[in-house]
1. Checking I220 against (1) loosely packed, with under 13 Cβ neighbours inside 10 Å; (2) among the β-branched types (V, I, T); (3) at pLDDT 65 or above, which test does it fail?
2. State whether the residues of region 167-177 include one that is in contact with a helix residue (DSSP H, G or I) (Cβ under 6 Å, 6 or more places away or on another chain) and modelled with pLDDT under 80.
3. Mind counting the residues in region 67-82 that are over 15 Å from E145 (Cβ atoms) and touching a residue at least 24 places away in the same chain (Cβ under 8 Å)?
4. If you check every pair at least six apart or on different chains, which have Cβ atoms under 9 Å apart with a residue in region 228-240 that is in contact (Cβ under 8 Å) with a residue 24 or more places away in the chain and over 15 Å from M278 (Cβ atoms) first and a residue that is among the polar types (S, T, N, Q) and outside any helix (DSSP H, G or I) second?
5. Over 15 Å from A142 (Cβ atoms) and of a type in the set (V, I, T) - does that describe any residue in region 84-107?
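The values are calculated or read from the model by the stated rules, or taken from the named source; none is laboratory data. Note that the coordinates shown come from a computational prediction; the quantities given were computed from them, not determined experimentally. As a convention, Cβ positions derive from the backbone with ideal geometry for all residues, glycine included, and neighbour counts pool all protein chains shown.
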Amino acid sequence: MTRLLKAAWVIGRRDFTATVFSKTFIFFLLTPLFPVVIGVLFGGIGARVATQAAQPRVAVVASAADFARLDGARDRLQSAFGERPMVELVRAEPAGPPDAQQRDLLASKSQPVVAVLTGGLAQPRLTGTMEPNGTIAGQVRAMVESARAPPPSAPPVAVRATASSTGSESRSRAITAQMGQTILFFLTLILATMMLSQLIEEKSNKIIEVVAAAVPIEAIFLGKLFAMLAASIVGLIVWVTAGAAAVSLLAPGGTGSLPTPAVGPAMFLLFIAIYFSMNYLLLGSVFLSIGAQASSPREVQTLSMPASVAQILVFGFAALAVGSVGSTLAIAGAIFPLSSPLVMVAYAAEEPALWPHALAIAWQILWIGIVIVISARLFRKTVLKSGPVKRSWWRRASA
């Protein structure tokens with residue numbers, strides 16, 4: 001056992017040094033920056049297009065006085081709707097027969113509208129392509145009723161803001177739980193997949209066969225697994241530090257403006273690191289055993305696809321536990337080994353209790369040991385069968 005651990009330490013130190021102190025590791029650290037930039041760019045463009053497309057325009061055939069009252073009512077209602085798009089009102093001076101003007105406005109291409117409001121505030125009539133009880137008709141009705149109402153004689157509602165409330169805390173903690181789960185899932189999936197390419201490269205160059213002649217196969221498995229975990233944690237520390245610095249510089253209020261997890265920011269970051277390690281060891285063991293059975297990148301993609309799809313389903317299952325702490329679904333997600341780290345990250349964001357994490361971590365360590373033993377045996381059986389002498393079982397089946 002001591003010889004196995006010493007050999008695993010040598011392999012792990014070799015792989016960790018070769019990974020972290022390489023030029024490609026710098027580009028690896030920049031990898032999360034690209035989806036963030038693309039997401040912000042296209043998210044802003046998409047939100048702008050969606051807002052413009054979702055803001056319908058209604059022509060109002062009315063006097064200047066009636067239109068001013070309607071437009072004022074719209075401004076008052078807009079503050080209640082916030083960022084949600086409301087109907088845009090454009091005034092049309094009454095001219096000629098109302099029905100003919102209405103048809104001309106609906107057919108106009110220079111200033112397209114979805115509906116026309118005629119009759120003023122006395123006898124309003126809305127005509128256009130819309131549902132009678134839909135959003136457009138409902139907003140126009142609210143504007144007309146607000147414009148008809150006399151100015152209130154009583155003082156307006158006094159609003160006093162408080163620092164926090166149970167409703168706002170619950171919502172912010174649910175958002176934190178979803179963010180934690182998403183970060184954990186994508187980082188684990190990306191980093192576990194990267195380990196396959198390294199293994200395939202060593203198998204194709206026969207390096208792993210040379211190393212296997214000097215140390216036990218299990219030591220190679222453990223060394224590679226924990227070396228990539230250590231390199232991934234280095235990347236995680238760099239990304240968290242860079243993210244905190246960016247928030248401090250760009251966001252009003254700095255990191256203090258972020259939602260506060262139930263266990264506190266420091267403990268939440270610690271749980272992120274712990275559950276990332278657990279999730280990585282579980283998924284990395286599976287991917288490493290898959291990589292040992294493949295001899296080319298194409299075979300890696302074919303074999304790893306079911307594992308990736310299954311992990312996506314596990315992520316969806318774990319996401320259902322957000323906001324339902326203590327439910328049967330959340331308990332089942334915490335017990336199932338592959339979803340347990342993701343569910344417990346959400347638990348740390350939503351509940352302050354610490355003792356469930358001790359049970360969950362012990363449970364996950366047990367399953368990590370089981371998965372590593374099984375994966376190491378598969379790794380031992382297949383890692384040296386990379387030559388063309390004996391074909392793999394899936395090749396024989398397809399022949």
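1. (1)
2. Yes: region 167-177 contains one or more residues that are in contact with a helix residue (DSSP H, G or I) (Cβ under 6 Å, 6 or more places away or on another chain) and modelled with pLDDT under 80.
3. Of the residues in region 67-82, 1 are over 15 Å from E145 (Cβ atoms) and touching a residue at least 24 places away in the same chain (Cβ under 8 Å).
4. Final answer for the pair search is G235/T31.
5. Checked against the condition, which is being over 15 Å from A142 (Cβ atoms) and of a type in the set (V, I, T), region 84-107 yields at least one hit.
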